[in-house]
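Heads up: the structure comes next, in structure tokens.
The values are calculated or read from the model by the stated rules, or taken from the named source; none is laboratory data. No experiment lies behind these values; they were computed from the predicted model shown. Quick reminder, even Gly has a Cβ in these numbers, built from the backbone with ideal geometry, and neighbours come from all protein chains shown.
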Amino acid sequence: MSSAKILIVDDAQQVRRVLRTALSAEGYTIFEAGTGEEALESVRQSAPDAILLDVNMPGIGGLETCREIRRTMDIPILMLTVRNAERDKVMALDAGADDYVVKPFSMAELLARIRAALRRRLPQEKVTSFSTKDFAKPAPGWERYLGYAGLN
């Protein structure tokens, strides 16, 4: 279960409802917006940990919304869209999106992509070393963490 805040931005109310139900069941706090303009306001007010953003919306579209958010914030943005062409994916990633998910998608895959984005955004604290007055020594297990198994 997660307590992360996720903003769902899609002009289709049914899509927002399905995502809200699934993500709420996983423990996420959900905020919704139906337009790019609403999304920009919600980002300022709710400070989400991640954004699920549709590309095709009336008014300010998903790409422009993504660019605008990216100008001032480093929130993970996952684009959700029916557009499957390479050109569309490249445009979204160049606009600042962190990931691109094509509709229809499996909920398991979307949840995994959200978890991955949140891991990068909200890394778990790890003890990597301790120090004393005289020296610093890596914490136990550092060899495995850095890929140096077998070194003593």
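Below is a table of values for the structure above.
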item	result
Scan of region 72-105 for residues that are assigned to a helix (DSSP H, G or I) and among the charged types (D, E, K, R), ordered by number	E86, R87, D88, K89, D94
Complete set of residues in region 1-60 that are in contact with a strand residue (DSSP E or B) (Cβ under 6 Å, 6 or more places away or on another chain) and charged (D, E, K, R)	K5, D10, R16, R20, E32, D49, D54
Scope region 81-115; condition modelled with pLDDT under 95, among the aliphatic types (A, V, I, L, M) and surrounded by 14 or more Cβ atoms within 10 Å (Cβ to Cβ); matching residues	none
Search result, residues across region 61-74 that are surrounded by 19 or more Cβ atoms within 10 Å (Cβ to Cβ) and in contact with a strand residue (DSSP E or B) (Cβ under 8 Å, 6 or more places away or on another chain)	G62, T65, C66, I69
Top-ranked residue of region 26-54 - restricted to ones that are of a type outside the set (S, T, Y), closer than 15 Å to R16 by Cβ and part of a loop (DSSP other than H, G, I, E, B), ranked as farthest from the chain's Cα centre (by Cα)	G34
Members of region 23-55 found to be of a type in the set (S, T, Y), under 21 Å from G96 (Cβ atoms) and at pLDDT 95 or above, listed by number	T35, S42
Residue that is nearest to D94 (Cα to Cα), among those in region 41-60 that are surrounded by fewer than 19 Cβ atoms within 10 Å (Cβ to Cβ) and touching a helix residue (DSSP H, G or I) at 6+ places or on another chain (Cβ under 6 Å)	I60
Close pairs (6 angstrom Cβ cut-off, 6 or more residues apart or separate chains): among the polar types (S, T, N, Q) in region 10-36, at pLDDT 95 or above and not in a helix (DSSP H, G or I) anywhere	S24/I30; T29/K5
Some residue of region 19-28 being in contact with a helix residue (DSSP H, G or I) (Cβ under 7 Å, 6 or more places away or on another chain) and surrounded by fewer than 18 Cβ atoms within 10 Å (Cβ to Cβ)	yes
